[in-house]
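Read through the structure below, which is laid out as structure tokens, and then see the notes.
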Amino acid sequence: MSMDFIEAMNELEREKGISKDVLFEAIEAALISSYKRNFNTAQNVRVDMNRNTGVIKVFARKLIVDEVLDPRTEISLHAAREINPHFQIEDIAEIEVTPRDFGRIAAQTAKQVVTQRIREAERGLIYSAFIDKEDDIVTGTLQRQDMRNIYIDLGKIEAALPLTELMPNEKFKHGDRIKAYITKVENTTKGPQIMLSRTHPGLLKRLFELEVPEIFDGVVEIRSVAREAGFRSKIAVYSRNDEVDPVGSCVGPKGMRVQTIVNELRGEKIDIVRYSEEVEEYVANALSPSKVLEVQVFEDEKMARVIVPDYQLSLAIGIKGQNARLAAKLTGWKIDIKSESQAEQEFGRPKSQSGEMHQDSVSVD
């Protein structure tokens, strides 16, 4: 092996961060297999590669015995002492058996080992870089598409965005820039595998974290997210500072912050509601944009009965029950919605004289 090869190993250590000693050990192990395969031998051998000169030598390792039964693995004490007079029975004698043309085999084997180790190291670096981005947003370019996935170029790796993780009516073409949420990063035998989503609730959460400085700084906290991707979402926010309005912070000046997110999600409607430790208030807020007259809480069943004005019943329930369903997901409570007339008929509740409950929420189309 030439000095150029040794210098290349040093360069790899500097550029790729692959330990030179690890490479030498891997090459030596591979050379043992190559020697046995190419020279059809069952000898126990050791390969030594000089770290400074690149010179490679092969040594047969033989057990010193009184009577030799297998000359491939054993050597007599008399023959061993011709090599070293200090040898004793059951010592291991090493005899150089380097073939004349072993250099060609060694060079080919070393190239294969180094190429494989470089590939493994690069995969390891990519995996390390992306495992920290799990549950985060990345932006890439659409490269290709098959029957199941869209493949997004993220620079050093291609990620898969299943077609089932696209929002309804969402269409992309080759070369489009796509923002997506990393749901899973795996280290497989074929290298790192990254799975993306455009429908995951985490995408909405991370978009707000990126767009709203108060959330990024930790002043405003996202307590819960409920999402039916492409149609409607609800997000509950809470402020650690009484002087900071969490709903207003998310909406932004003239609605610019939330509108940016709505545009990214292709017009998905977003209801931003104030989180409250008071279940009655939280449930009422979660049913935005419907107005609420009263909320009755049943702790044992973790159920809330909500009474709304007659003219607000369909709005409270939403199209195909969507508004009520999202409110239940957001709060974690079962919600039974009754109109004021229904409540009066079923439970004898008198018509409200006090008006609607105060609600703190905003709905953005």
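Scanning the range 260-316 for residues that are within 13 Å of Ser363 (Cβ to Cβ) and in contact with a Leu (Cβ under 6 Å, 6 or more places away or on another chain) yields a total of 3.
Restricting the range 182-211 to residues that are among the small types (Gly, Ala, Ser) and more than 22 Å from Val237 (Cα to Cα), the residue that is surrounded by the most Cβ atoms within 10 Å (Cβ to Cβ) is Ser197.
Restrict the check to the range 60-68 and report whether at least one residue is assigned to a strand (DSSP E or B), open to solvent by 40 Å² or more (accessible area, probe 1.4 Å) and farther than 25 Å from Glu120 by Cβ. Break it down stepwise before answering.
First pass over the range 60-68, keeping only residues assigned to a strand (DSSP E or B): 60-65.
So of that shortlist, the ones also open to solvent by 40 Å² or more (accessible area, probe 1.4 Å) come out as 61, 63.
When the remaining residues are screened for being farther than 25 Å from Glu120 by Cβ, the result is 61, 63.
Looking for residues that are assigned to a strand (DSSP E or B), open to solvent by 40 Å² or more (accessible area, probe 1.4 Å) and farther than 25 Å from Glu120 by Cβ, one finds at least one in the range 60-68, hence yes.
Could you grab the pairs with beta carbons closer than 6 Å, sequence gap of 6+ or different chains, first residue in the range 163-183 and outside any loop (DSSP other than H, G, I, E, B), second one of a type in the set (D, E, K, R)? Filtered contacts from the range 163-183: Glu165/Arg198; Ala180/Arg198; Ile182/Lys133; Ile182/Glu134; Ile182/Asp136. A residue that is of a type in the set (Phe, Trp, Tyr), in contact with a strand residue (DSSP E or B) (Cβ under 8 Å, 6 or more places away or on another chain) and surrounded by fewer than 20 Cβ atoms within 10 Å (Cβ to Cβ) occurs somewhere in the range 290-299.
The values are calculated or read from the model by the stated rules, or taken from the named source; none is laboratory data. Not measured: the values here are computed from a predicted model. Cβ: placed from backbone, ideal geometry, glycine included. Neighbour counts: every protein chain shown. Side chains are part of the model used for accessible areas, which takes the heavy atoms of the whole protein and leaves out ligands, DNA and RNA. Shrake-Rupley method; radii C 1.70, N 1.55, O 1.52, S 1.80 Å.
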